[in-house]
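The structure appears below as structure tokens.
The values are calculated or read from the model by the stated rules, or taken from the named source; none is laboratory data. Since the model is a prediction, treat every value here as computed from it, not as a measurement. Neighbour counts are summed over all protein chains in view; Cβ atoms, including those assigned to glycine, are modelled from backbone coordinates with ideal geometry. SASA here: full protein model, heavy atoms, side chains in, ligands and nucleic acids out. Shrake-Rupley method; radii C 1.70, N 1.55, O 1.52, S 1.80 Å.
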Amino acid sequence: MPHRKSQPSTATQASVGARISLSLLLLFSILAIILLGVFIGRQTAAVDQRVVQYAAVATFMFGVSVGLSEILSHYRDEPMAAAATAFGMSYLLLNGLLALGAFAVLRRYPTQIFPAVKDDYFLTAVFAGFGAMAVFRSKLFTYRTDDGKDIAIGPSIVLETIFKTIDAKIDRRRATARQIRIFDQLHEIREFSGMANYIEASLFSFQNLSQEDKGQIKTILDQYRAMTAWPDTLKCMGVGFAFLNIAGDENFDQVVNNLKRFIEEQKAPLAGNPPPAV
């Protein structure tokens, strides 16, 4: 029988992709900071060069943190995994570069835009890092067409489209990984009742889970319990997606592995009790 070459697992491929994305982000970040330092250095006294570079690095990190906070709020199950994808890194990089752009503009025109921070590099970095997205996503004015539609005029037209496209790519990449995990873990479970009860009981293992999240899971469980058209395996997968949102990958895998043991033990006859005579 010919030997089949083993293929790298999806998790391994994702890990390699995350490392490549992180390396590219760091490379582009270094290049952007160097170019910004050179640009601003032409307008600044030599004694301030190191301060400018430190402020530029801080600005970039502030901008990246803004992008990271948005990803953290969008993808609850594994937000860091979402940020580590190629598109997640692109999202962070774009936020950082926009912050650097705002920093460069503030240093180039220190008295025309925001004179209160013209002599303070740290405040300039804070304002550019955390305020760049508010400025670049702003609408200068709104134009109303003859058919009554409002069209925003300003940088938000381009940036919102770009950010929505990147965010959709992140969502699709995470959806693919989630679909693989749910199918691999749950496609063999054919007893929805036992799974629903175990998932509901496992909610008490979370110490900081809000009542809203617990109520949402219980509502979904009740909805699937009332459904008769779907097979039990499909209902198990549907509940799995909802539970994965609050559990995350590692905790989800542990709960499902325990669930499988629980179901198998429920099937086995009790020790010391012979099966009833026919």
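Tabulated results
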| quantity | calculated |
| --- | --- |
| Residue count for segment 115-130, restricted to those that are touching a helix residue (DSSP H, G or I) at 6+ places or on another chain (Cβ under 6 Å) and more than 16 Å from Ser69 (Cα to Cα) | 7 |
| For Tyr143: the one exception among (1) among the aromatic types (Phe, Trp, Tyr); (2) modelled with pLDDT of 80 or more; (3) surrounded by fewer than 16 Cβ atoms within 10 Å (Cβ to Cβ) | (2) |
| Residues satisfying the stated conditions in segment 66-89, i.e. of a type in the set (Gly, Ala, Ser) and open to solvent by 50 Å² or more (accessible area, probe 1.4 Å) | Ser69, Ser73 |
| In segment 225-240, residue most open to solvent (accessible area, probe 1.4 Å) [restricted to those that are assigned to a helix (DSSP H, G or I) and touching a Lys or Arg at 6+ places or on another chain (Cβ under 7 Å)] | Asp232 |
| Selection status of Ile40, at pLDDT below 75, of a type in the set (Val, Ile, Thr) and in contact with a helix residue (DSSP H, G or I) (Cβ under 6 Å, 6 or more places away or on another chain) | yes |
| Residue match in segment 148-170 (condition: open to solvent by 30 Å² or more (accessible area, probe 1.4 Å), within 30 Å of Lys260 (Cβ to Cβ), of a type in the set (Asp, Glu) and modelled with pLDDT of 85 or more) | no |
| Flag if Gly194 is open to solvent by less than 90 Å² (accessible area, probe 1.4 Å) and in contact with a Leu (Cβ under 6 Å, 6 or more places away or on another chain) | no |
| Residues (outside any helix (DSSP H, G or I) and under 22 Å from Leu159 (Cβ atoms)) located in segment 104-120 | Tyr109, Ile113, Phe114 |
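Per-residue answers, yes or no, for (1) of a type in the set (Lys, Arg); (2) open to solvent by 70 Å² or more (accessible area, probe 1.4 Å); (3) at pLDDT below 90:
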| residue | (1), (2), (3) |
| --- | --- |
| Ser210 | no, no, yes |
| Arg261 | yes, yes, yes |
| Glu265 | no, yes, yes |
| Pro274 | no, yes, yes |
